[in-house]
Amino acid sequence: MSARDNILNRVRDAVRTKAPRPPEPSAAPIWPPMGEAEARFREEFTALRGEIVESLPEFLAGFAKIATDKSELAGSGNVPVREADLGVTSCVCLVAQTGSIVVACRSAEERALSALPPVHLVVARRSQIVLDLEAAIGVLRKQYGGGFPSLISVISGPSRTADIEKVLVLGAHGPKRLAVHFINK
């Protein structure tokens, strides 16, 4: 018997044997009530070195050039994204479980806002917080139906890499700082 025949015989034997069924989960995942979702998002987001902006005027005072999308801050004076110190965007939702931000973009200019400036500020509503990624996908499906935008990103903290000698470097492939400001209490 050749090595090839030996391997094929072992594969055939393995396919004939039924795999055991995985055990049923003993209980549903435990999630905090929706009122606690913001606390969970804040905890996970700040653990990833994200910043929660409480005072928007104070935060914005440190930036000379701000590029925005069509958020409430659009009147702050748009500049070309490549020259901006701060990119301001809205989001589709915030994911409490992972402290992540889901953004969707249809144009290169929109994509650049969350990737090129050294600081990315996301303006969000508390009602946009969802518990997990499955719920975030549901929000995307409801919002876009079959016409998804060209880019959907799940952003989990500032850009980071540890490629070189396992030293963590922030801002290697995108913004060095990531912040969220809630526009409603």
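Worth pointing out:
- Residue that is modelled with the highest pLDDT [pool: residues in the stretch 156-170 that are assigned to a loop (DSSP other than H, G, I, E, B) and in contact with a Pro (Cβ under 7 Å, 6 or more places away or on another chain)]: 158
- Filtered residue count, the stretch 131-168, keeping only those that are hydrophobic (A, V, I, L, M, F, W, C) and touching a Lys or Arg at 6+ places or on another chain (Cβ under 7 Å): 2
Results for (1) modelled with pLDDT under 90; (2) in contact with a helix residue (DSSP H, G or I) (Cβ under 9 Å, 6 or more places away or on another chain); (3) at positive phi, shown as yes or no for each residue.
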position: 92; (1), (2), (3): no, yes, no
position: 125; (1), (2), (3): no, no, no
position: 142; (1), (2), (3): no, no, no
position: 148; (1), (2), (3): yes, yes, no
position: 153; (1), (2), (3): no, yes, no
position: 172; (1), (2), (3): yes, no, no
position: 185; (1), (2), (3): yes, yes, no
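- Residue count for the stretch 125-152, restricted to those that are among the hydroxyl-bearing types (Ser, Thr, Tyr) and either farther than 24 Å from residue 51 by Cα or crowded, with 16+ Cβ neighbours inside 10 Å (or both): 2
- Put simply, of 124, 112 the only residue that is within 20 Å of residue 87 (Cα to Cα) and out of contact with any strand residue (DSSP E or B) (no Cβ under 7 Å at 6 or more places or on another chain) is 112.
Residue-by-condition table, conditions (1) out of contact with any Cys (no Cβ under 9 Å at 6 or more places or on another chain); (2) touching a residue at least 24 places away in the same chain (Cβ under 8 Å); (3) under 26 Å from residue 56 (Cβ atoms):
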| position | (1), (2), (3) |
| --- | --- |
| 97 | yes, yes, no |
| 101 | no, yes, yes |
| 119 | yes, yes, yes |
| 122 | no, yes, yes |
| 138 | yes, no, no |
| 156 | yes, yes, yes |
| 163 | yes, no, no |
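- For the stretch 49-65, a residue qualifies if it is acidic (Asp, Glu) and either closer than 12 Å to residue 85 by Cβ or not in a helix (DSSP H, G or I) (or both), and the qualifying residues are 51, 54.
- Tally, over the stretch 123-149, of residues that are closer than 16 Å to residue 105 by Cβ, more than 16 Å from the chain's Cα centre (by Cα) and in a loop (DSSP other than H, G, I, E, B): 2
- Residue within the stretch 67-86 that is in contact with a Gly (Cβ under 8 Å, 6 or more places away or on another chain), among the small types (Gly, Ala, Ser) and either in a helix (DSSP H, G or I) or at pLDDT below 90 (or both) present: yes
- Boolean, residue 175 is surrounded by 16 or more Cβ atoms within 10 Å (Cβ to Cβ), out of contact with any His (no Cβ under 7 Å at 6 or more places or on another chain) and not charged (D, E, K, R): no
- Among the residues here, residue 39 does not qualify as more than 15 Å from residue 178 (Cβ to Cβ), part of a strand (DSSP E or B) and either modelled with pLDDT of 90 or more or touching a Leu at 6+ places or on another chain (Cβ under 7 Å) (or both).
- Residue under evaluation residue 154, criteria (1) over 14 Å from residue 103 (Cβ atoms); (2) under 16 Å from the mean Cα position of the chain (by Cα), criterion not met: (1)
The values are calculated or read from the model by the stated rules, or taken from the named source; none is laboratory data. Because the structure is predicted, anything quoted here is derived from the model rather than measured. Every residue, glycine as well, gets a Cβ built from its backbone with ideal geometry; the counts of neighbours run over all protein chains shown.
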